[in-house]
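Presented below is the structure to which this report refers.
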2 protein chains.
Amino acid sequence: MPTISQRGKVMPPSPIRKLVPFAEAAKKKGVKVYHLNIGQPDIETPKQILDAVRHSDFKILEYSHSAGNESYRRKLVEYYKRFDIAVNHNQIIVTTGGSEAILFAFMACLDPGDEIIVPEPFYANYNGFAVEAEVKIKTITANISTGFALPAMEDFEKAITPRTKAILICNPNNPTGYLYSKEEMEVLKTLCLKHNLYLFSDEAYREFCYSGKHFSAANLEGMDNNVILMDTISKRYSACGGRIGAFVTKNQEVLDATMKFAQARLSPPSFAQIAGEAAVDLPADYFDGIKAEYQSRRDLLVKMLNEIPGVFCPNPGGAFYAMAQLPIDDSDKFCQWILEHFQYEGQTVMMAPATGFYATAGLGLNEVRLAYVLNLEDIRSAMISLAEALKVYPGRTAIK
Amino acid sequence: MPTISQRGKVMPPSPIRKLVPFAEAAKKKGVKVYHLNIGQPDIETPKQILDAVRHSDFKILEYSHSAGNESYRRKLVEYYKRFDIAVNHNQIIVTTGGSEAILFAFMACLDPGDEIIVPEPFYANYNGFAVEAEVKIKTITANISTGFALPAMEDFEKAITPRTKAILICNPNNPTGYLYSKEEMEVLKTLCLKHNLYLFSDEAYREFCYSGKHFSAANLEGMDNNVILMDTISKRYSACGGRIGAFVTKNQEVLDATMKFAQARLSPPSFAQIAGEAAVDLPADYFDGIKAEYQSRRDLLVKMLNEIPGVFCPNPGGAFYAMAQLPIDDSDKFCQWILEHFQYEGQTVMMAPATGFYATAGLGLNEVRLAYVLNLEDIRSAMISLAEALKVYPGRTAIK
């Protein structure tokens with residue numbers, strides 16, 4: 001029997017999905033499980049964009065241009081203009097989800113053994129793409145006590161080696177919800193220019209900012225050759241299943257290399273490009289309602305968390321995630337236990353153990369990530385269950 | 001300015017698409033260009049499967065299961081059963097096109113520096129995925145004089161090294177149209193079992209067989225742990241833009257590793273999974289009409305090619321490609337010249353130079369690939385233009 005690859009062996013399983021069997025078992029017992037574990041919004045996909053697909057009347061489901069339909073890329077130019085991001089349609093490559101934009105950035109800019117610095121905790125799937133591209137993720141630690149603000153410049157400087165090729169951020173951040181300030185973005189610019197690094201900026205949650213304004217990496221002056229935006233329609237329009245994202249840069253050499261990777265996989269999905277194109281024409285106030293909804297969820301979640309004895313949750317500025325410190329011994333054990341051995345009035349909660357978002361062993365043991373993708377009533381019920389669970393969890397630790 | 005990666009530099013541009021600017025220039029001059037260069041069928045996508053998407057009535061475009069919707073995978077089990085391929089739904093991972101199935105196979109089974117043996121000429125994009133995965137494609141040469149039959153077992157044996165992990169075939173073949181016989185498949189089985197190799201079998205064109213019956217790698221007995229099918233709905237249902245394929249194997253270890261890669265990119269596109277699922281329910285005679293159409297195109301194309309003095313085109317058994325030997329000095333030059341400097345009654349032809357399908361330098365210089373994805377009338381006109389072009393091409397060589 002032939003052996004599998006080393007990378008197939010070291011590839012980490014999804015930390016978000018590994019508890020699924022326990023959630024399924026709980027449901028089979030009749031327990032209601034509140035899913036705060038995964039960033040699948042419950043918000044309906046705008047009818048206009050689904051209808052655009054439903055009313056499409058082509059006869060052949062053809063390959064699109066490898067960079068995506070030109071009409072869609074021109075629409076995206078309009079979209080970015082709203083954020084004062086001046087790009088033309090040839091500086092945009094439509095990708096199969098934000099996932100492929102990440103993979104393309106790693107492939108086009110780094111070689112095996114090269115290093116990317118990422119503040120931890122970080123989106124766990126970056127690990128997966130790093131394994132595929134045979135590049136190394138080196139983390140510097142952000143702390144819950146500062147709400148996961150950007151680590152100090154010295155921490156970055158210490159981590160930089162001759163193999164460092166890029167800094168990768170997610171802004172606003174998944175999993176912490178932290179929204180980087182203009183000043184923090186300027187720190188990253190200084191670092192990238194000084195050390196000749198790419199700045200990979202995953203801005204999947206650009207619109208979802210509640211405290212403060214989003215400052216895009218693409219708005220950093222003098223960084224045209226360094227910045228690569230990794231974007232997606234998934235969260236923005238609750239269109240995760242479309243698998244449409246974008247790779248955006250003004251660096252022509254990177255664009256040329258990336259186009260070759262894009263050509264090898266032929267084209268991004270055609271149906272969802274129609275949806276993405278229609279999305280740019282949504283009414284200007286589309287996000288107002290969505291943002292108000294998420295903000296009230298955040299406010300309720302954070303308030304209820306901080307009311308539980310021994311729990312601390314910094315107020316996240318954006319996205320739809322919060323990281324909470326709990327009085328527990330081990331978040332993996334706790335998140336499994338609450339599904340396997342706990343229920344309160346027939347209900348329990350599924351959360352993501354924070355350990356999966358840290359590369360440094362031992363970190364995140366008393367933290368969990370909660371995605372506030374449920375309505376207010378469900379969030380309230382979930383927080384009541386969590387509070388009750390913490391009262392009886394056998395691995396509860398003393399409150400510091 | 002940060003430098004791009006070495007793999008970004010060595011990544012080959014698409015040999016099929018590099019002539020696009022010359023075709024566009026010809027069209028701007030008012031010349032009609034017959035596109036025989038690319039495998040985008042002109043056959044209409046079955047209305048039933050487009051309607052399945054158009055009539056979908058979900059409210060949230062959610063992530064699907066990372067392996068694809070279970071309902072679709074269960075439908076695919078039915079589909080494979082029609083070819084006596086007995087797999088269950090957990091042995092199928094729905095991919096983003098056949099492209100992703102290829103990438104997953106390379107990633108899950110090979111490490112950087114490992115080798116795959118591929119008979120040349122071969123589908124050029126295998127190169128791209130090899131560059132991404134940092135694996136090496138080693139070719140052994142199939143010859144136009146045998147119609148591109150499988151090279152002799154000794155040729156494979158000579159190419160096998162301690163780093164060889166897999167043999168990769170496309171059956172029926174792109175670009176040659178060759179349909180491997182059961183006996184040839186048995187040769188591959190012998191080789192794989194003797195040397196403990198994977199057999200990657202790209203069966204994108206499984207249904208399109210005109211001379212002889214398709215024998216799937218999945219029907220080779222005793223090869224459950226060796227065989228990986230790389231599949232796609234693109235050509236089968238003229239649904240190239242859907243970007244839905246499948247990775248199929250009974251090797252549990254490979255499935256487990258591949259699922260981790262699948263989870264990292266979250267899910268395959270949702271809309272086209274609906275189309276794919278509906279496709280399995282197309283009437284049993286769906287392919288009869290399509291096959292008859294392709295066969296008459298093949299018959300006309302091959303006949304007209306062989307009637308041109310100095311041209312030789314073996315009769316391809318399947319797919320919708322033919323490779324023709326022309327009395328020319330250099331197929332790259334010729335395919336550019338015919339777009340740039342030639343027209344016959346306001347018409348010309350776009351073809352793919354065969355050099356892009358060979359890894360061995362110097363091969364394919366007098367061969368072109370023609371995709372018979374146009375109707376009979378267009379094929380006739382295209383062949384007339386080609387015959388005229390060969391009369392006046394300055395780089396014409398003596399007829400052997």
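Tabulated results
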| read-out | value |
| --- | --- |
| Residues located in the stretch B:228-267, provided they are within 20 Å of the chain's Cα centre (by Cα), assigned to a loop (DSSP other than H, G, I, E, B) and on the phi < 0 side of the Ramachandran plot | B:Ile233, B:Ser234, B:Lys235, B:Arg236, B:Tyr237, B:Ala239, B:Ile244 |
| Strands (runs of 3 or more DSSP E) enclosed by the stretch B:68-184 - at least 2 residues per element that are within 18 Å of B:Glu203 (Cα to Cα) | B:92-95, B:115-120, B:164-170 |
| Identity of the residue in the stretch B:379-400, among the small types (Gly, Ala, Ser) and loosely packed, with under 15 Cβ neighbours inside 10 Å, that ends up farthest from B:Asp299 (Cα to Cα) | B:Gly395 |
| Subset of the stretch B:5-20 that is basic (Lys, Arg) and modelled with pLDDT of 85 or more - its residue that is surrounded by the fewest Cβ atoms within 10 Å (Cβ to Cβ) | B:Lys9 |
| Subset of the stretch B:308-322 [more than 12 Å from B:Leu36 (Cβ to Cβ), touching a helix residue (DSSP H, G or I) at 6+ places or on another chain (Cβ under 8 Å) and not in a loop (DSSP other than H, G, I, E, B)] | B:Phe312 |
| First in the stretch B:63-75 and within 16 Å of B:Thr232 (Cα to Cα), second anywhere and small (Gly, Ala, Ser), Cβ under 7 Å, 6 or more apart | B:Ala67/B:Ala262; B:Tyr72/B:Gly276; B:Arg73/B:Ala67 |
| Test: residue in the stretch B:213-227 that is in the same structural domain as B:Phe122 (by TED's automatic domain parsing), of a type in the set (A, V, I, L, M), in contact (Cβ under 8 Å) with a residue 60 or more places away in the chain and more than 19 Å from B:Arg82 (Cα to Cα) | no |
| Any hit, the stretch B:239-256, residues being of a type in the set (Phe, Trp, Tyr), facing chain A (nearest Cβ under 9 Å) and either buried (at least 23 other Cβ atoms within 10 Å of the Cβ) or farther than 14 Å from B:Ile93 by Cβ (or both) | no |
| Those residues of the stretch A:332-390 which are more than 20 Å from the chain's Cα centre (by Cα), within 26 Å of A:Thr141 (Cβ to Cβ) and of a type in the set (Ser, Thr, Tyr), in sequence order | none |
| Meets criteria (within 23 Å of B:Gln40 (Cα to Cα) and either of a type in the set (Asp, Glu) or at pLDDT below 95 (or both)) for B:Glu340 | yes |
| Contacts under 6 angstrom Cβ, first residue in the stretch B:257-277 being more than 7 Å from chain A (Cβ to nearest Cβ) and more than 20 Å from A:Ala239 (Cβ to Cβ), partner buried (at least 24 other Cβ atoms within 10 Å of the Cβ) and of a type in the set (Gly, Ala, Ser), 6 or more apart | B:Thr258/B:Ala108 |
| Yes/no for A:Lys138 being within 22 Å of A:Val227 (Cβ to Cβ), touching a residue at least 24 places away in the same chain (Cβ under 8 Å) and not aliphatic (A, V, I, L, M) | yes |
| Whichever residue in the stretch B:185-222 is of a type in the set (A, V, I, L, M, F, W, C) and assigned to a loop (DSSP other than H, G, I, E, B) and, among such residues, is nearest to B:Val302 (Cα to Cα) | B:Phe208 |
| Count of residues meeting criterion [at the interface with another protein chain (Cβ under 10 Å from one of its Cβ atoms) and over 24 Å from A:Thr3 (Cβ atoms)] in the stretch B:122-140 | 4 |
| Wholly enclosed helices (runs of 4 or more DSSP H) of the stretch A:1-61 bearing at least 3 residues more than 10 Å from chain B (Cβ to nearest Cβ) and of a type in the set (Gly, Ala, Ser) | A:20-28 |
| Counted residues, the stretch A:278-291 - those being part of a helix (DSSP H, G or I), more than 20 Å from the chain's Cα centre (by Cα) and away from chain B (no Cβ under 14 Å) | 3 |
| Every residue from the stretch A:94-121 that is farther than 23 Å from A:Tyr72 by Cβ, facing another protein chain (nearest Cβ under 9 Å) and surrounded by 24 or more Cβ atoms within 10 Å (Cβ to Cβ) | A:Phe106, A:Cys109, A:Leu110 |
| Among (1) surrounded by fewer than 23 Cβ atoms within 10 Å (Cβ to Cβ); (2) under 27 Å from B:Val131 (Cα atoms) - the single one B:Cys335 does not satisfy | (1) |
| Matching residues, the stretch A:227-260, being aliphatic (A, V, I, L, M), within 19 Å of A:Phe106 (Cβ to Cβ) and touching a Ser or Thr at 6+ places or on another chain (Cβ under 9 Å) | A:Val227, A:Ile228, A:Leu229, A:Met230, A:Ala246, A:Leu255, A:Ala257, A:Met259 |
| Some residue of the stretch B:40-54 being under 30 Å from B:Val94 (Cβ atoms) and among the basic types (Lys, Arg) | yes |
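Residues checked against (1) touching a strand residue (DSSP E or B) at 6+ places or on another chain (Cβ under 7 Å); (2) free of Cβ contacts under 8 Å to residues at least 60 places away in the same chain:
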position	(1), (2)
A:Phe287	no, no
A:Leu300	no, no
A:Ile328	yes, no
A:Tyr344	no, yes
A:Ala354	yes, no
A:Leu363	yes, no
A:Val373	no, no
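Yes or no, residue by residue, for (1) within 14 Å of chain A (Cβ to nearest Cβ); (2) free of Cβ contacts under 8 Å to residues at least 12 places away in the same chain; (3) surrounded by fewer than 20 Cβ atoms within 10 Å (Cβ to Cβ):
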| site | (1), (2), (3) |
| --- | --- |
| B:Ala142 | no, no, no |
| B:Pro151 | no, no, no |
| B:Asp155 | no, no, yes |
| B:Ile160 | yes, no, yes |
| B:Lys165 | yes, no, no |
| B:Asn174 | yes, no, no |
| B:Tyr180 | no, no, no |
| B:Thr190 | no, no, yes |
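The values are calculated or read from the model by the stated rules, or taken from the named source; none is laboratory data. Not measured: the values here are computed from a predicted model. Cβ atoms come from the backbone with ideal geometry, glycine included; neighbour counts cover every protein chain shown.
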